[in-house]
1. Suppose the filter is over 24 Å from residue 26 (Cα atoms), in a loop (DSSP other than H, G, I, E, B), in contact with a strand residue (DSSP E or B) (Cβ under 9 Å, 6 or more places away or on another chain) and modelled with pLDDT of 75 or more; does residue 48 pass it?
2. Looking only at residues that are under 16 Å from residue 75 (Cα atoms) and surrounded by fewer than 12 Cβ atoms within 10 Å (Cβ to Cβ) in the range 40-57, which one is farthest from the chain's Cα centre (by Cα)?
3. Taking into account only those residues within the range 2-36 that are over 10 Å from the mean Cα position of the chain (by Cα) and on the phi > 0 side of the Ramachandran plot, which is surrounded by the most Cβ atoms within 10 Å (Cβ to Cβ)?
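The values are calculated or read from the model by the stated rules, or taken from the named source; none is laboratory data. Here the structure is a predicted model, which means the values were calculated and not measured. Neighbour counts are summed over all protein chains in view; Cβ atoms, including those assigned to glycine, are modelled from backbone coordinates with ideal geometry.
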């Protein structure tokens, strides 16, 4: 099973959560970004419906895959930032 880590970081004059190289929208406070990341993790744990998804990879190629409803990654939030507001 896949394991993903969302990280709360300072970003663009505020705070965001990040997965890999992708940032969320900017939040004005650390606590707001942390709460948003925790909501995302909670939503990832909910089973959904099987679906066909399409996505574009870093090289620009498109892919189509079938995703099972119970195929959920293990996810958590890593909050290793100092809580200094920008």
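1. Numbers: over 24 Å from residue 26 (Cα atoms): yes; in a loop (DSSP other than H, G, I, E, B): yes; in contact with a strand residue (DSSP E or B) (Cβ under 9 Å, 6 or more places away or on another chain): yes; modelled with pLDDT of 75 or more: yes.
The answer is yes for residue 48.
2. 47
3. 12
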